């Protein structure tokens, strides 16, 4: 099934509007092209509604947010909802500052999201309404492990039920869940956490996948997560002893560019719980 | 002749002021260095006039524009005009939102540009005063082909006559024209559209070329377009089966860095119409 | 001793708050991860004090500054001082505009810096209170050479005494000095100036080193400078005849990622004056 999700991105080449942080924005644009979509970045309140209107999907990422872009996120999100365009939320650093937590919560209140993708600390912050995230990485104490997997799956499903969104919690084991079904995904490579922005890139790509597969948001999001993880594995296998995280960053985007539906079908490593 | 254009960039190392989008800004800086120029990025209204004054040329790119940076573009553009510094306009996404279209038109009214470089949909938007660009890529319906080439050359010359600028319309076939002469350029590789920002990079490089060759704006702009396309060809020939658009991005900048005037002379593929 | 500085970064993985320019921000984040630290970028005045509080060190870089981010720099810097977190200043382009010069001087007045890192023209601007920097590169007339090295060391020590900071003047020969001791460092490669942002990256990395080695700010800053220069040498040795500045950029970050304390110990090339 996941192979068809990727095929549909390649076939429909969805135009994705991104309001995203300036740290990883170039990588987000390039990975969107790599998977077959087309990116546009626009964050001024004077144009975001129009830009969202000419696009097919919207990706909102709160890294490096500011008062100007927060109002743009709200405007674009509401407009996308009116048009029935899928909207993805990446609550980067929710829990690390009141501004980020409150902005993420306000977005949740005022915009309907198709997918919410973050690390476990960020998602816990959204679910509980408060957080203690240390920076933009997940707290060690929060991590999803084989031991707490059932508990985390139940948490993801409950938050999916509460929000109506697909919840994608990514880390060593990824969980992608709606209220009823969870995909537990074991693709990826530990070195992916050595690159800034693999999460941001995945959120952008997830927007492309759910936009191209409007009737299957859960499977589309899970396919995007598998594709990103598989790209991390393929890219890692190319590294020489002198290559580090910068070359790895390029090879991951390259691997998405070269990934065929068949490769995704064979490489996807998941179970349904 | 084009080889001398590149030689002059390398000899004079022009300092180029860029007011540009945050998506591709790093690539713009690196390609400016690669071709022999020196970049500075500054977009605050409190400093843009001074920065432009210490520079030799100005590159204005309206991708990710906002109200703060729009006023900086106008201030810097007017100051550059007073100083007789060449100014390049890249009207990214003109036609995709009123803000972009109106900003591009206002810039055209208030600033004299040495070169206007965009895809065909963007340039058509500027020429007609309105547009329906879908995102930041050219509409398929607009594309320059062998069939409509004469018509498009006439259009470029007419818009060059109207604005007094060199018009660079880039795509599968590139047209670089002033009111009288058009270079039709067949360098480049289709995969260049798989990278975000090859257009932005070309605009930055064009600013360097016209700044280093003040008496030959048409030839300088055409040389920059040939150089970028040739870099795309050279870079493509290096790609392995595992490489994708991220590695390609790096190789294009690398190819500009390694390009000698002799290579540009031999590799430039154009006709004059 | 330098090897222990790097070891401590790897061991403590300090979280570094960066208020930095949008040109090189992605490289700053990736090199921080490469050296063993963890980056967070946040520049809105509503959150910078909180973000600095959850971090262990702060890196302030004034490239692409604007009125919104300047106030954030001041707020974050003061909060970091209250918390006794080391703060690094990178006065990008000080001397090129009044806004940059005045902002850098105001930061010096209101914030205590652990390290000030810039090229010689920027540092001279700060020391004299005015400047004539041409763009963001050092003036040729200012350069540190074997001939003026003793004079420049005395200048660095004097400015270190005046500010209470470690002064890092980087170029062909680097000087890292406090009021009493100066490290003169001969690592690095001339091609490093062909990449945008090696200075920005070094400042970010310096913040990580001084944060992880709170009792040795001078040695920590000198170790960071050696590590960056050594990475430039290692990366250069990997380049093929087709590689240019884009590949070089990646290889430098890769080299930091792969650098062991033992490699730094053997490769560091410095004398104490």
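The values are calculated or read from the model by the stated rules, or taken from the named source; none is laboratory data. Keep in mind the model is a prediction, meaning the values are calculated, not measured. Neighbour counts are summed over all protein chains in view; Cβ atoms, including those assigned to glycine, are modelled from backbone coordinates with ideal geometry.
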Problem - Sole residue being surrounded by 23 or more Cβ atoms within 10 Å (Cβ to Cβ) and on the phi > 0 side of the Ramachandran plot, chosen from C:93, C:118 - result: C:93
Handout entry: Within segment B:239-252, tally of residues that are within 12 Å of chain C (Cβ to nearest Cβ) and either assigned to a helix (DSSP H, G or I) or touching a strand residue (DSSP E or B) at 6+ places or on another chain (Cβ under 9 Å) (or both)
Key = 7
Fill in the blank from the handout: Scanning segment C:136-168 for residues that are closer than 25 Å to residue C:23 by Cα and within 18 Å of the chain's Cα centre (by Cα), the one farthest from the other protein chains (Cβ to nearest Cβ) turns out to be C:167
Problem - Failed item in (1) under 18 Å from the mean Cα position of the chain (by Cα); (2) part of a helix (DSSP H, G or I), with residue B:171 passing the rest - result: (2)
Completion exercise
Expected single match for in contact with a strand residue (DSSP E or B) (Cβ under 9 Å, 6 or more places away or on another chain) and either within 27 Å of residue B:265 (Cα to Cα) or surrounded by fewer than 16 Cβ atoms within 10 Å (Cβ to Cβ) (or both) among B:150, B:137, B:174, B:84 is B:174
Fill in the blank from the handout: In the set B:215, B:178, the lone residue that is modelled with pLDDT of 95 or more, closer than 25 Å to residue B:80 by Cβ, out of contact with any helix residue (DSSP H, G or I) (no Cβ under 7 Å at 6 or more places or on another chain) and more than 14 Å from chain C (Cβ to nearest Cβ) is B:215
Completion exercise
If we take segment A:1-115, then strands (runs of 3 or more DSSP E) inside it with 3 or more residues that are within 18 Å of the chain's Cα centre (by Cα), within 9 Å of chain B (Cβ to nearest Cβ) and without any contact (Cβ under 8 Å) to a residue 60 or more places away in the chain are A:38-41
Completion exercise
When (1) in contact (Cβ under 8 Å) with a residue 24 or more places away in the chain; (2) closer than 23 Å to residue A:214 by Cβ are applied to residue A:161, the one that fails is (1)
Practice task
Look at residue A:157 and say whether it is part of a loop (DSSP other than H, G, I, E, B) and either modelled with pLDDT of 95 or more or closer than 28 Å to residue C:34 by Cα (or both).
Solution key: no
Practice task
For residues that are on the phi > 0 side of the Ramachandran plot and in contact with a helix residue (DSSP H, G or I) (Cβ under 8 Å, 6 or more places away or on another chain), tally how many sit in segment C:19-69.
Solution key: 1
Practice task
Return yes or no: is residue B:236 within 13 Å of another protein chain (Cβ to nearest Cβ), surrounded by fewer than 23 Cβ atoms within 10 Å (Cβ to Cβ), under 29 Å from residue A:34 (Cα atoms) and over 16 Å from the mean Cα position of the chain (by Cα)?
Solution key: yes
Exercise for the section: Would you check if residue C:193 is over 20 Å from residue C:30 (Cα atoms), assigned to a helix (DSSP H, G or I) and within 14 Å of another protein chain (Cβ to nearest Cβ)? Expected result: no
Exercise for the section: Considering each of C:220, C:255, C:231 in turn, give the residue that is away from chain B (no Cβ under 14 Å) and either surrounded by fewer than 24 Cβ atoms within 10 Å (Cβ to Cβ) or touching a residue at least 40 places away in the same chain (Cβ under 8 Å) (or both). Expected result: C:220
Fill in the blank from the handout: Given the conditions (1) more than 13 Å from chain B (Cβ to nearest Cβ); (2) in contact with a helix residue (DSSP H, G or I) (Cβ under 9 Å, 6 or more places away or on another chain), every one holds for residue C:271 apart from (2)
Problem - Yes/no for residue C:127 being more than 14 Å from chain B (Cβ to nearest Cβ), at pLDDT below 95 and surrounded by fewer than 21 Cβ atoms within 10 Å (Cβ to Cβ) - result: no
Completion exercise
With criteria (1) under 18 Å from residue B:178 (Cα atoms); (2) in contact with a strand residue (DSSP E or B) (Cβ under 7 Å, 6 or more places away or on another chain), residue B:101 comes up short on (1)
Problem - Output for segment B:258-268, where each listed residue is outside any helix (DSSP H, G or I) and surrounded by 17 or more Cβ atoms within 10 Å (Cβ to Cβ) - result: B:259, B:268
Exercise for the section: Go through segment B:203-220 and give me each residue that's farther than 19 Å from residue B:15 by Cβ and either in a helix (DSSP H, G or I) or under 11 Å from the mean Cα position of the chain (by Cα) (or both). Expected result: B:218, B:219
Practice task
Confirm whether residue C:137 is closer than 20 Å to residue C:24 by Cα and in a loop (DSSP other than H, G, I, E, B).
Solution key: yes
